[in-house]
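The values are calculated or read from the model by the stated rules, or taken from the named source; none is laboratory data. What you are looking at is a predicted structure, and each value in this text was computed from that prediction instead of being measured. Glycine also receives a Cβ, built like all others from the backbone with ideal geometry; neighbour counts cover every protein chain displayed.
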């Protein structure tokens, strides 16, 4: 049996794509943030409120991730902000290639801020970089205040 | 629910197959290393890999997964220590004021 050294990142495809997204956003001077939380913590509520409050000052576009439905996207659409829905069809996280496609569908040149609402899941999405400048984590303390902060 | 281990398994299958074809060899085992924050469950990953590798060149590949600890540096005494999630404090001076060091990435080490 022969051993072959590989030493390659397994998620290098996602990594590569996230770097492409990041440079596209940097070139156009757009801020992109990735929101994660467990289901029902209030990501969509915070998004809707942020868009409504800042409507006259900055233009916000939304990439809405969900396993099946477009209920959340409908809530965003009601604020008249541009929104692209991604249905992951069962997958527990958004990946960079999905964001790349979604960015193509958004009128990025007209926007100041792009907010990604990830699939409601606090575990898996944290392992997948999407090309965002930072993450927003919504913590639902009703689920318990004894979680170790990491 | 389709877990993220499936995506890891798919990427693994592609990388191992590519290398095996290049070397004209039949892969039998693969060694992977991962950090604490990659959220990879060994059992789920092995199950996912077995499922997608069935009837491919990689169907006999056994996965060996090595977990690397997450390290942190204490801001009070500069000690570098392995972080325990259940008791996040410095091993030496028990301070809770520390900075996390970069977590080890998920890597296909060798086949």
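One table, with the values for the structure above:
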{"quantity": "Selection count where residues are within 19 Å of the chain's Cα centre (by Cα) and at the interface with another protein chain (Cβ under 7 Å from one of its Cβ atoms), scope segment A:1-32", "calculated": "2"}
{"quantity": "Members of segment B:18-31 that are in contact with a helix residue (DSSP H, G or I) (Cβ under 9 Å, 6 or more places away or on another chain) and more than 9 Å from chain A (Cβ to nearest Cβ)", "calculated": "B:26"}
{"quantity": "Test: residue in segment B:31-54 that is touching a residue at least 24 places away in the same chain (Cβ under 8 Å), more than 27 Å from residue A:123 (Cα to Cα) and surrounded by fewer than 19 Cβ atoms within 10 Å (Cβ to Cβ)", "calculated": "no"}
{"quantity": "Residue among B:70, B:57, B:45, B:63 that is more than 30 Å from residue A:1 (Cα to Cα) and in contact with a helix residue (DSSP H, G or I) (Cβ under 7 Å, 6 or more places away or on another chain)", "calculated": "B:70"}
{"quantity": "Top-ranked residue in segment B:74-111 [being facing chain A (nearest Cβ under 9 Å) and in contact with a helix residue (DSSP H, G or I) (Cβ under 6 Å, 6 or more places away or on another chain); ranked as farthest from residue A:5 (Cα to Cα)]", "calculated": "B:106"}
{"quantity": "All helices (runs of 4 or more DSSP H) inside segment A:1-78 with 2 or more residues being at pLDDT below 90", "calculated": "A:12-27"}
{"quantity": "Filter pass, residue A:102 being outside any helix (DSSP H, G or I) and either closer than 22 Å to residue A:125 by Cα or touching a strand residue (DSSP E or B) at 6+ places or on another chain (Cβ under 8 Å) (or both)", "calculated": "no"}
{"quantity": "Residue within segment A:91-102 that is within 14 Å of chain B (Cβ to nearest Cβ), surrounded by fewer than 19 Cβ atoms within 10 Å (Cβ to Cβ), over 15 Å from the mean Cα position of the chain (by Cα) and within 27 Å of residue B:63 (Cα to Cα) present", "calculated": "no"}
{"quantity": "Test: residue in segment B:4-18 that is buried (at least 20 other Cβ atoms within 10 Å of the Cβ) and not in a helix (DSSP H, G or I)", "calculated": "no"}
{"quantity": "Looking only at segment B:64-73, and only at residues there that are within 20 Å of the chain's Cα centre (by Cα) and without any contact (Cβ under 8 Å) to a residue 40 or more places away in the chain, the one that is nearest to the other protein chains (Cβ to nearest Cβ)", "calculated": "B:70"}
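Residue-by-condition table, conditions (1) buried (at least 20 other Cβ atoms within 10 Å of the Cβ); (2) touching a strand residue (DSSP E or B) at 6+ places or on another chain (Cβ under 6 Å); (3) without any contact (Cβ under 8 Å) to a residue 12 or more places away in the chain:
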residue: A:22; (1), (2), (3): no, no, no
residue: A:28; (1), (2), (3): no, no, no
residue: A:36; (1), (2), (3): yes, yes, no
residue: A:40; (1), (2), (3): no, no, no
residue: A:45; (1), (2), (3): no, no, yes
residue: A:56; (1), (2), (3): no, no, yes
residue: A:75; (1), (2), (3): no, no, no
